[in-house]
Amino acid sequence: MTSIALASIVLMALSCRDEFDIESRGFEDVLVIEATLTDEFKFQTVKLSRTYPLNEEGPAFENGATVQVVDSNGNTYTFSQSDNGLYTSETEFQAVQDVSYELTITTADGNVYKSSAVTTSPKSEITNLYGELTTNNDGQIGIQVLLDSDNSNTSAIYFRYDYEETFKVKAPYYFPYEAILSNYSYDGIETDFDVDFVLRQHEEGICFTSKGFPGLLLASTNSLADNKVSRLPIRFINKNDGIIRDRYSILVKQYVQSIASYTYYSILKDLGNTESILSESQPGFAEGNMTDVNNTDIKVVGFFDVASVSEKRVYFNYFDFGLTQPAYLYECDLRVLDIRDPLDKATIFRLIDTFTDYNYNYQIAESIPGNTWTIASPECTDCTSVSS
């Protein structure tokens, strides 16, 4: 009896792992506004899209809108659409202290959305950005990027951070010559072709990849005795992560926020937390400072923010922390083939020549071949196949 009961429990547990299709109910089509003016002198941007059901892959861009920012000094800054859902100011400008700004958006269907008046947040500087070798809560050894910001002489209290990391991608089997194959023939038994070895026309051995931070990182000193952000964790990099194999850099930006902006982004962060999606106490709709001028009951997602920005960059290598060099980011298919062997010769042609049906684009990997060819997959011989 006990065995039957135990088996039933196991079966029930296993059945709970079945996948289910996500179905959206009561979906609302709502305008989403991403707009942060900064005190950086640059072309400012506003992003517009629409909410989308859970069972769809991505948002619909909001195109054809009219976007303007007006300040309390009477200046008007017009934005033009530069890409799908992206609007860029026609002139470079920066937000300044003691001036308020309002954002107005008129969509292609005639709806007008307007923000409340927002002033530029107080200035704050990142004091220090650095990496330390540590073990995280999951027991992983790696480099923790940390940030300090001393605001004891400012009124800055609420902060939002993002970053862009850039790392070198050095193809481990890069060779400056490439094989150009021509005059292919096949008689039913053997493959034949001519080959020329030519110098590559472009740098394809060393590239650099940049990636932005997709999440929300917030901090507040409101409950602290001194107004300092100290040892804020920005990014943890496992010691085996290939992004630190050759050279790594991270650029961190600190946005000083108002309490209203901080509250909005805190709710948005909770809404995006996958652990809370099925929780009993979901945070609900994130209400920002944008409203529909003609109908305040129409929901809009977004917060028009005017923030002062500080940024700092740090560079390091794995050996700066006494680590061994991590493996390359990609697995390399390295093959040694004898061109005198009919099967190997056919494989060489199939992998190197860029047939429409194949496009394997393997490259020679060591030296100009004689009878023995060493070739490798493109991500290991041509870094432009995976980077830029």
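The values are calculated or read from the model by the stated rules, or taken from the named source; none is laboratory data. Remember, predicted model here, so these are calculated numbers, not experimental data. Positions of Cβ are backbone-derived with ideal geometry, glycine not excepted, and every protein chain shown enters the neighbour counts. For the accessible areas, the whole protein counts, side chains as well, though only heavy atoms, and no ligand, DNA or RNA atoms are used. Shrake-Rupley method; radii C 1.70, N 1.55, O 1.52, S 1.80 Å.
Taking only protein heavy atoms and a 1.4 Å probe, the accessible area of the chain is 48% carbon and sulfur. Heavy-atom accessible surface of residue 312, to the nearest 10 Å², is about 70 Å², with a 1.4 Å probe and all protein chains retained. From the alpha carbon centroid of the stretch 204-256 to that of the stretch 79-116 is 29 Å. Each of residue 319 and residue 208 was given a label point 7 Å from its Cα along the Cα-to-Cβ line. The distance between the two points is 2.1 nm. In the context of the full protein assembly, residue 86 retains an accessible surface of approximately 50 Å², using a probe radius of 1.4 Å and ignoring ligands and nucleic acids.
Computed from the Cβ-Cβ distance with R0 of 35 Å, the FRET efficiency linking residue 153 to residue 240 stands at 0.25.
Solvent-accessible area of residue 350, all protein chains in place: 80 Å² (probe radius 1.4 Å, heavy atoms, ligands and nucleic acids excluded).
The HN-Hα couplings worked out from phi for the stretch 362-374 by the Karplus form 6.51 cos²θ - 1.76 cosθ + 1.60 (θ = phi - 60°) are 5, 10, 5, 10, 10, 9, 4, x, x, 7, 9, 9, 9 Hz, whole numbers, x standing for Gly and Pro. Restriction of the GluC sites (Glu not before Pro) in the stretch 179-261 to DSSP coil positions whose beta-carbon has at most 14 other beta-carbons within 10 angstrom yields 190, 203. All other residues whose Cβ lies under 15 angstrom from that of residue 88 are scored, Lys and Arg at +1 and Asp and Glu at -1, for a net of -4. Annotation: extensible slack from residue 50 through residue 225 equals 58.8 nm (criterion: 0.36 nm per residue apart, minus Cα-Cα distance). Given their separation in residues at 0.36 nm each and the Cα-Cα distance between them, residue 170 and residue 42 gain 42.8 nm when the chain is fully extended.
Each of 41, 136, 175 was scored by the projection of its Cα onto the charge dipole of the chain, and the greatest displacement toward the positive side belongs to 136; charges sit on the C-beta of Lys, Arg, Asp and Glu. Once the chain from residue 260 to residue 72 is taken as fully extended at 0.36 nm per residue, the excess over their C-alpha distance is 65.7 nm. Please label the shape of the stretch 289-388 as rounded, prolate or oblate, based on the square roots a ≥ b ≥ c of the eigenvalues of the alpha-carbon gyration tensor (a/c under 1.5 means rounded; beyond that, a/b larger than b/c means prolate, else oblate). In terms of gyration-tensor shape, oblate. Charge tally around residue 234: other residues with Cβ under 13 Å, Lys/Arg +1 each, Asp/Glu -1 each, net 0.
Against the criterion of solvent-accessible heavy-atom surface with a 1.4 angstrom probe, 169, 195 sort, most first, into 195, 169. Close amide H contacts of residue 126 (hydrogens built in the peptide plane, cut-off under 5 Å, sequence separation of 5 or more or a different chain): 311.
In this simple spin-label approximation, residue 367 and residue 61 carry label points 7 Å from Cα along the Cα→Cβ vector, and these lie 5.1 nm apart. Rounded to the nearest 20, the size of the Cβ-charge dipole of the chain about its Cα centre is 1200 debye, with Lys and Arg at +1 and Asp and Glu at -1. Computed from Cα positions, the angle between helix 2-15 and the longest principal axis of the chain comes to roughly 80 degrees.
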